[in-house]
Amino acid sequence: MKRIARKQIAGNVPTASMADIAFLLIIFFMVTTKFDVDKTKVEMPKAENRSEVAKGSAYVVIHCLDPGMTGPDCPEYGYKWSDGEMSSIPVGSLTDMESYVAVQLGKDSTTPFIIKADGDTPYQYVDDTFDMLRRVGASDLTLLSDQLTVDDIQ
Amino acid sequence: MQLRKRGEAPEAEISSASMADIAFLLIIFFMVTAVFSATKGLDFKLPKDEDNNQPQDQEEAIFFKVIENGTFTMDGKLADPDDILPYVMEKLERWPDKPIIIYSRRQAPYKTMVRIYDKLVMIKKTEGWDPRKDPNISIPTFSEIQEYIAAFGYNPFEQQ
């Protein structure tokens with residue numbers, strides 16, 4: 001008896017919609033992500049009551065000038081500034097920072113500010129920053145913090 | 001004379017074969033260079049200069065003092081962050097406008113002040129507290145303390 005030869009069908013993954021999926025993903029990433037204006041590595045203080053920072057917030061960063069050092073061991077602290085759009089830039093002193101903040105408030109008097117500082121920073125640097133911000137008329141602040149976890153409490 | 005029929009002109013077409021490659025390249029670019037918005041923090045309001053920023057009398061206030069080693073006292077007694085809310089709420093039940101002062105020494109770590117403030121923010125979430133009402137928290141700054149010292153000759157927050 002003669003057997004009928006089976007017809008082989010080549011395996012094929014449909015790729016017609018791949019470009020659509022890819023573009024959908026691109027749009028997703030473009031909408032949901034934002035570029036970090038400040039990439040200074042600091043060990044932020046921990047808090048339970050965190051809320052999303054307001055859009056368009058300007059950054060005042062307080063960081064140790066000697067990378068890797070922190071707290072009272074740090075020989076010198078410095079400042080960085082970002083208006084929330086451009087990447088952060090080092091600022092020589094708090095007086096210079098005051099000029100940047102004043103210019104920003106001149107553009108938009110309701111600008112919210114973010115204070116990003118290492119948790120072990122001596123309070124005097126934050127205190128002087130509060131004083132400076134108050135002097136130039138800033139009032140809305142966010143103290144940037146990490147989430148407090150159960151491990152932190154124990 | 002009959003002309004010979006020319007072959008049909010090929011249809012103009014933009015090649016889209018590499019579109020998926022370009023799209024995936026863009027995805028990889030966004031994934032590598034962008035970060036998800038993970039910036040969160042504690043909301044904090046600074047008083048305006050025109051506000052009445054008279055130093056509160058700490059005997060009438062709930063007084064927190066942060067010292068250099070990162071520990072703090074609550075009305076003069078060494079305390080733990082978990083002690084804050086029960087103690088403060090007991091006082092505020094009797095006097096909701098009772099001032100709360102957080103005073104940090106200049107060399108104390110910033111994180112302790114944040115931890116205390118974080119606990120005090122929870123007052124608004126406590127049962128029985130009107131969430132529209134802000135607790136009367138004050139954080140004296142260096143210049144305010146200097147003004148007080150200039151006027152009275154001593155730092156009132158170092159008395160306790």
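The values are calculated or read from the model by the stated rules, or taken from the named source; none is laboratory data. Every value quoted in this text rests on a predicted model; they were computed, and no experiment measured them. Note that we place each Cβ from the backbone using ideal geometry, even for glycine, and neighbour counts take in every protein chain shown.
From B:109, B:131, B:156, which residue is within 18 Å of residue B:42 (Cα to Cα) and at pLDDT below 90?
Selected residue: B:131, the only one of B:109, B:131, B:156 that is within 18 Å of residue B:42 (Cα to Cα) and at pLDDT below 90.
Restricting the stretch B:122-149 to residues that are basic (Lys, Arg) and closer than 15 Å to residue B:84 by Cα, which is surrounded by the fewest Cβ atoms within 10 Å (Cβ to Cβ)?
Within the stretch B:122-149, the subset basic (Lys, Arg) is B:124-125, B:132-133.
Adding the requirement that they be closer than 15 Å to residue B:84 by Cα leaves B:124-125.
On the way: B:124: 14, B:125: 10.
Checked the stretch B:122-149; the qualifying residue surrounded by the fewest Cβ atoms within 10 Å (Cβ to Cβ) is B:125.
Where residues in the stretch A:49-59 are crowded, with 18+ Cβ neighbours inside 10 Å and touching a residue at least 60 places away in the same chain (Cβ under 8 Å), which of them is nearest to residue A:80 (Cα to Cα)? Write out each step before concluding.
So in the stretch A:49-59, the residues crowded, with 18+ Cβ neighbours inside 10 Å come out as A:49-50, A:53, A:57-59.
Next, from what is left, pick out any that are touching a residue at least 60 places away in the same chain (Cβ under 8 Å): A:50, A:53, A:57.
Values: A:50: 23, A:53: 18, A:57: 14 Å.
Only one residue tops the list, namely A:57.
How many residues are within 14 Å of another protein chain (Cβ to nearest Cβ) and within 25 Å of residue A:146 (Cβ to Cβ) when one looks only at the stretch A:95-112?
Qualifying residue count, the stretch A:95-112: 3.
From the list A:115, A:62, exactly one residue is within 12 Å of chain B (Cβ to nearest Cβ), touching a residue at least 60 places away in the same chain (Cβ under 8 Å) and part of a strand (DSSP E or B). Which is it?
Details: A:115 fails: touching a residue at least 60 places away in the same chain (Cβ under 8 Å).
Of the residues listed, the single one that is within 12 Å of chain B (Cβ to nearest Cβ), touching a residue at least 60 places away in the same chain (Cβ under 8 Å) and part of a strand (DSSP E or B) is A:62.
Is it fair to say residue B:114 is part of a helix (DSSP H, G or I) and within 17 Å of the chain's Cα centre (by Cα)? Walk me through it before giving the result.
Values: part of a helix (DSSP H, G or I): yes; within 17 Å of the chain's Cα centre (by Cα): yes.
So residue B:114 fits the description; yes.
Based on this model, can you work out whether residue A:104 counts as surrounded by fewer than 18 Cβ atoms within 10 Å (Cβ to Cβ) and in a helix (DSSP H, G or I)? Lay out the reasoning, then the answer.
Numbers: surrounded by fewer than 18 Cβ atoms within 10 Å (Cβ to Cβ): no; in a helix (DSSP H, G or I): yes.
No: the conditions fail for residue A:104.
Specify which of the listed residues (B:84, B:101, B:123) is under 30 Å from residue A:63 (Cβ atoms), within 13 Å of chain A (Cβ to nearest Cβ), at pLDDT 90 or above and outside any loop (DSSP other than H, G, I, E, B). It would help to see each step written out before you state the result.
On the way: B:101 fails: within 13 Å of chain A (Cβ to nearest Cβ); B:123 fails: under 30 Å from residue A:63 (Cβ atoms).
Going through B:84, B:101, B:123 in turn, the sole match is B:84.
From B:145, B:139, B:102, grab the single residue that is aliphatic (A, V, I, L, M) and more than 18 Å from the chain's Cα centre (by Cα). Explain how you work it out, then say what you get.
Numbers: B:139 fails: more than 18 Å from the chain's Cα centre (by Cα); B:102 fails: more than 18 Å from the chain's Cα centre (by Cα).
Answer to the selection: B:145.
Would a scan of the stretch A:120-131 turn up a residue that is surrounded by fewer than 16 Cβ atoms within 10 Å (Cβ to Cβ), in contact with a Phe, Trp or Tyr (Cβ under 9 Å, 6 or more places away or on another chain) and either within 14 Å of another protein chain (Cβ to nearest Cβ) or assigned to a loop (DSSP other than H, G, I, E, B) (or both)? Full working, then the answer.
If we filter the stretch A:120-131 for residues that are surrounded by fewer than 16 Cβ atoms within 10 Å (Cβ to Cβ), which is where we start, we get none.
No, there is no match, as no residue in the stretch A:120-131 is surrounded by fewer than 16 Cβ atoms within 10 Å (Cβ to Cβ), in contact with a Phe, Trp or Tyr (Cβ under 9 Å, 6 or more places away or on another chain) and either within 14 Å of another protein chain (Cβ to nearest Cβ) or assigned to a loop (DSSP other than H, G, I, E, B) (or both).
If we keep just the residues of the stretch A:28-48 that are part of a helix (DSSP H, G or I) and either touching a strand residue (DSSP E or B) at 6+ places or on another chain (Cβ under 8 Å) or surrounded by 10 or more Cβ atoms within 10 Å (Cβ to Cβ) (or both), which is nearest to the other protein chains (Cβ to nearest Cβ)? So that I can check it myself, show each step before the final result.
Looking only at the stretch A:28-48, we keep the residues that are part of a helix (DSSP H, G or I), and these are A:28-32.
Filter once more, so that each one left must be either touching a strand residue (DSSP E or B) at 6+ places or on another chain (Cβ under 8 Å) or surrounded by 10 or more Cβ atoms within 10 Å (Cβ to Cβ) (or both): A:28-30, A:32.
Working: A:28: 9, A:29: 4, A:30: 7, A:32: 7 Å.
Only one residue fits best here, namely A:29.
Within the stretch A:3-24, take every residue that is over 30 Å from residue B:26 (Cα atoms) and of a type in the set (Val, Ile, Thr) and give me the one that is nearest to the other protein chains (Cβ to nearest Cβ). First the steps, then the outcome.
Start the filter on the stretch A:3-24 by keeping residues that are over 30 Å from residue B:26 (Cα atoms), which leaves A:3-10.
Filter once more, keeping what is of a type in the set (Val, Ile, Thr): A:4, A:9.
Working: A:4: 39, A:9: 24 Å.
The residue in question is A:9.
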